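Trainee: Quick one: the structure is below, and I'll ask about it shortly.
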Amino acid sequence: MFHGLRVAVVVPAYNEEVKVGATVRGIPDWVDHVLVVDDASWDGTARSARLVARRGLEVIRHERNCGVGAAIATGYRRSLRLGCDVACVMAGDGQMDPRDLPQLIQPIADGQADYVKGNRFLRPEVWRVMPPSRLVGNIVLSVLTRISSGYWDLFDSQCGYTAASRRALLALDLDRVFPRYGYPNDLLARLNVAGLRVAEAPVRAIYGPGWRSGITLRTALYPVSWVLVRSLLWRLHRRYLCLRRPALGGPAVAAPQGELEEGAVLPEPAEGVPAELQPAGAGRAACTSA
Ligand SMILES: Nc1nc2c(ncn2[C@@H]2O[C@H](COP(=O)(O)OP(=O)(O)OP(=O)(O)O)[C@@H](O)[C@H]2O)c(=O)[nH]1
Ligand SMILES: [Mg+2]
């Protein structure tokens, strides 16, 4: 618990058998639930995570690779079902420092923010620690994401170290969040359309000697460019042209199984995601949308 809030840390992991154990062990004891989402890794990621003896640890495995955004959405759904007040995301590759967790959660605990993202550029050593290719990419994408998301004060858009309040998770349509690299950019536009308050907290950048990344032109740059254009158009459409419609399809996610509100849009079952973590109502007879 953190100041009376039940906290989950979601750890998306794909082929991280070397790093995931240390990542999980580093998460402080006051975190109530650690939800490792192994996205159909072909190495021993799930086994390495399960070897850690820790209260509240769950290892969820997708049957097929769904992408980092989809893995995070699976973890978010589980945290909602566990009754958590806050769900943080900490990558399974050991690039996020657990000492930064309290300052990510604090603005939510203080009632000042619904969602908090890390910003590595708020710490001076970032210029020394982050590789030049990442510095340039981050700066360009941060500026573009300001435009696409409508949050003009935010920076370091690609930082995946975040804390989301229950309120934010219930307002988002988790089934529609972009499933692969590009999800942070997509998520920010969705938070904006839902009218949620987003804050930033300084976090450390970690790029050790064993650093490796799944980011390539094909896996990241092209999808992220597409997400930025799509998010901008969607946000402008939802904010300025759809004034009579609700911000996002919240009820479908918010309502527990069996208690869906009339008129809620029921999501399609997500392929590769375990049955118990399918979106609320998935696969049931669809209602008509409001
Ligand atoms: N669940 C899931 N996780 C993934 C997938 N691809 C990457 N990840 C995880 O997402 C985290 C971040 O991935 P990276 O490729 O290192 O990207 P990054 O850390 O944002 O960027 P770098 O600065 O290049 O390291 C890691 O914990 C990966 O294991 C995927 O397809 N599914
Ligand atoms: Mg990484």
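The values are calculated or read from the model by the stated rules, or taken from the named source; none is laboratory data. Treat the numbers as computed from the prediction; the structure is a model and nothing was measured. Quick reminder, even Gly has a Cβ in these numbers, built from the backbone with ideal geometry, and neighbours come from all protein chains shown.
Trainee: Could you check how many residues of the range 161-211 are within 14 Å of ligand 2 (Cβ to nearest atom) and free of Cβ contacts under 8 Å to residues at least 60 places away in the same chain?
Mentor: Of the residues in the range 161-211, 1 are within 14 Å of ligand 2 (Cβ to nearest atom) and free of Cβ contacts under 8 Å to residues at least 60 places away in the same chain.
Every residue, every condition in (1) outside any loop (DSSP other than H, G, I, E, B); (2) in contact (Cβ under 8 Å) with a residue 60 or more places away in the chain; (3) farther than 19 Å from residue 3 by Cα, yes or no:
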{"site": "92", "(1), (2), (3)": "no, yes, yes"}
{"site": "96", "(1), (2), (3)": "no, yes, yes"}
{"site": "100", "(1), (2), (3)": "yes, yes, no"}
{"site": "107", "(1), (2), (3)": "yes, yes, no"}
{"site": "111", "(1), (2), (3)": "no, no, no"}
{"site": "116", "(1), (2), (3)": "yes, yes, no"}
{"site": "121", "(1), (2), (3)": "yes, no, yes"}
{"site": "134", "(1), (2), (3)": "yes, yes, yes"}
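Trainee: With respect to residue 129, is the statement that it is within 16 Å of ligand 1 (Cβ to nearest atom), surrounded by 15 or more Cβ atoms within 10 Å (Cβ to Cβ) and more than 20 Å from residue 26 (Cα to Cα) true?
Mentor: yes
Trainee: Identify the residue in the range 181-222 that is more than 10 Å from ligand 1 (Cβ to nearest atom) and modelled with pLDDT under 90 and, among all such residues, is surrounded by the most Cβ atoms within 10 Å (Cβ to Cβ).
Mentor: Ranking the candidates gives 221 first.
Trainee: Any residue at all in the range 23-40 that's out of contact with any His (no Cβ under 8 Å at 6 or more places or on another chain), assigned to a loop (DSSP other than H, G, I, E, B) and more than 23 Å from residue 166 (Cα to Cα)?
Mentor: Scanning the range 23-40 turns up no residue that is out of contact with any His (no Cβ under 8 Å at 6 or more places or on another chain), assigned to a loop (DSSP other than H, G, I, E, B) and more than 23 Å from residue 166 (Cα to Cα).
Trainee: Which of the residues belonging to the range 48-88 are hydroxyl-bearing (Ser, Thr, Tyr) and either under 16 Å from residue 162 (Cα atoms) or under 12 Å from the mean Cα position of the chain (by Cα) (or both)?
Mentor: 74, 76, 79
Residue-wise test of (1) hydroxyl-bearing (Ser, Thr, Tyr); (2) within 10 Å of ligand 1 (Cβ to nearest atom); (3) crowded, with 23+ Cβ neighbours inside 10 Å.
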{"site": "18", "(1), (2), (3)": "no, no, no"}
{"site": "34", "(1), (2), (3)": "no, no, yes"}
{"site": "40", "(1), (2), (3)": "no, yes, no"}
{"site": "47", "(1), (2), (3)": "no, no, no"}
{"site": "50", "(1), (2), (3)": "no, no, no"}
{"site": "59", "(1), (2), (3)": "no, no, no"}
{"site": "74", "(1), (2), (3)": "yes, yes, yes"}
{"site": "77", "(1), (2), (3)": "no, no, yes"}
{"site": "89", "(1), (2), (3)": "no, yes, yes"}
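Trainee: Residues in the range 30-53: is at least one among the polar types (S, T, N, Q), out of contact with any Ser or Thr (no Cβ under 9 Å at 6 or more places or on another chain) and under 26 Å from residue 105 (Cα atoms)? Reasoning before the result, please.
Mentor: Keep residues of the range 30-53 that are among the polar types (S, T, N, Q), which gives 41, 45, 48.
The next check asks that each one be out of contact with any Ser or Thr (no Cβ under 9 Å at 6 or more places or on another chain); those that pass are 41, 45, 48.
Cutting the leftovers down to under 26 Å from residue 105 (Cα atoms) gives us none.
Among the residues of the range 30-53, not one is among the polar types (S, T, N, Q), out of contact with any Ser or Thr (no Cβ under 9 Å at 6 or more places or on another chain) and under 26 Å from residue 105 (Cα atoms), which makes the answer no.
Trainee: On to the next question. What is the number of the single condition among (1) more than 16 Å from ligand 2 (Cβ to nearest atom); (2) under 26 Å from residue 190 (Cβ atoms); (3) not in a helix (DSSP H, G or I) that residue 76 does not meet?
Mentor: Only one criterion is unmet by residue 76, namely (3).
Trainee: Scan the range 165-209 residue by residue and report those that are within 21 Å of residue 152 (Cβ to Cβ), in a helix (DSSP H, G or I) and of a type in the set (A, V, I, L, M).
Mentor: Residues satisfying the conditions are 168, 171, 187, 188, 189, 191, 193.
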